[in-house]
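The values are calculated or read from the model by the stated rules, or taken from the named source; none is laboratory data. Just so we're clear, the structure is a prediction, and the values are computed from it rather than from any experiment. Note: ideal-geometry Cβ built from the backbone for every residue, glycine included; neighbour counts use all protein chains shown. What goes into the accessible areas is simple: the full protein's heavy atoms, side chains included, and nothing from ligands, DNA or RNA. Shrake-Rupley method; radii C 1.70, N 1.55, O 1.52, S 1.80 Å.
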Amino acid sequence: VENFQLFIKPLFDQFSWSTVSTAFASEIGRIDLHIWRFNSIAAYNVLTWVSAIFLASCLVIWILTLSFHGSTWLSQCKIIYYTVFSMMYGMVGSCAHLVMVNSSWTQSHIEKLWGIPKRIKRVYPPCDTSGLQALPLERSVETPKIISVAQFRPEKAHSLQLEAFSVAIKKLDEHSRRPKLQFVGSCRNKSDEERLQNLKDKAVQLNIQDDVEFHKNVMYRDLVSLLGGAVAGIHSMIDEHFGISVVEYMAAGAIPIAHNSAGPKMDIVLDEDGQQTGFLAENVEEYADAVLKIVKMPESERLKIATAARRRANRFSEQRFYDDLKAAIRPIICGSSQL
């Protein structure tokens, strides 16, 4: 919120706004910026409330319920509810004169739901790339560190990371360097604490407890230090709209291993000037293979990929966000364009 307001304030100094209101719905991870000037409305949408994929999932659940339980009224009610909600969501969204979205994946869904592709502008969220880019790219080669930065929430799929790391460890020969996996995240409540403990127990079951570290609720300076020592960063959330942690890996010089979907696939982990910037994976074997490739690759090759990844991270800097946001909303404020 503080970073967002930091970029909004200079716009007050540059333009004459009649009324500006920022509404943050943090419980669902959604940020809307509503701008009223005369009759103009703009929205910055970083999370679609409902999507075609979600409605399809409801339909699958309905069919399964019918097949196994024979009682469908609750599933029918849910499908009707979300279908009506989707229609209302689309009607309201179509009234916007300008819509800013945080990724190509979000853009594709908003275009389908709101039906106003010409009024949609992609504005990537601000990432603190400048501070992380000050970290040296050279890393310790004796014990390669793989970092995972995410809250201990179920959708972050930490278990998949543990399983993939275990598979990678088993495939190493006796002469290979033995990596270490570092989980870094926060716990919001008792459920998260239990989830963290389950991960620790699973590491013991997989017999990799000596190769895994858990860092809970660390200070930012400690996070930066951990990022500065990692050769790779792992991300496994399916259909994450953008993926700021992936950008932070790249800016810090850690080669990303991200899930092959949504933001990381469509916007972030792409070649930069023809050079690979990271790896994409979907299952345990693919994640394990990516870990092994990074651990075994020559230092010169790792530095090439890390350098390209750092360059690509510049595309998502705070300054880039500020410039793109101003460019997107200037026509509405100045009245120089009919959207």
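Might you work out the accessible area of residue 81 for me, using a 1.4 Å probe with all protein chains in place, and round it to the nearest 10 Å²?
130 Å²
Please list, ordered by chain and number, the residues whose modelled amide H lies under 5 Å from the amide H of residue 233; skip anything fewer than 5 residues away on the same chain.
Under 5 Å from the amide H of residue 233 lie the amide H atoms of 147, 255, 257, each far enough along the sequence or on another chain.
Kindly write out, for region 129-134 in residue order, the coupling ³J(HN,Hα) from the Karplus curve 6.51 cos²θ - 1.76 cosθ + 1.60 (θ = phi - 60°), rounded to whole Hz, with x marking Gly and Pro.
Going residue by residue, I get 8, 5, x, 6, 6, 6 Hz, with x marking Gly and Pro.
Tell me the relative contact order for region 129-313 as a rounded percent, counting alpha carbon contacts under 8 Å between residues six or more apart.
Over region 129-313, the number comes to 27 percent.
I'd like the GluC sites (Glu not before Pro) in region 78-167 restricted to DSSP loop residues with at most 13 other Cβ atoms within 10 Å, sorted by number.
Loop-located and lightly packed - 138, 142.
Compute the distance in nm between two label points, each set 7 Å from the Cα along the Cα-to-Cβ direction, one at residue 76 and one at residue 293.
Distance between label points: 5.0 nm.
Sequence-distant or interchain residues sharing an amide H contact under 5 Å with residue 101, placed H: which?
45, 121, 122, 123
Residues with amide H under 5 Å of residue 240's amide H, sequence separation 5 or more or different chain, H placed in the peptide plane at 1.01 Å from N; which?
It is 263, by chain and number.
Over region 122-225, give the accessible area per residue in Å² for a 1.4 Å probe, as an integer.
Dividing the accessible area of region 122-225 by its residue count gives 53 Å².
Can you send over the carbon and sulfur percentage of the accessible area for region 217-325, probe radius 1.4 Å, protein chains only?
Exposed carbon and sulfur together represent 49 percent of the surface.
Please tell me which of these pairs span more than 23 angstrom C-alpha to C-alpha: 145/216; 190/216; 156/180; 180/265; 156/190; 145/202?
Flagged as over cut-off: 180/265.
How many percent of the accessible area of region 90-175 is carbon or sulfur, using a 1.4 Å probe?
53 percent
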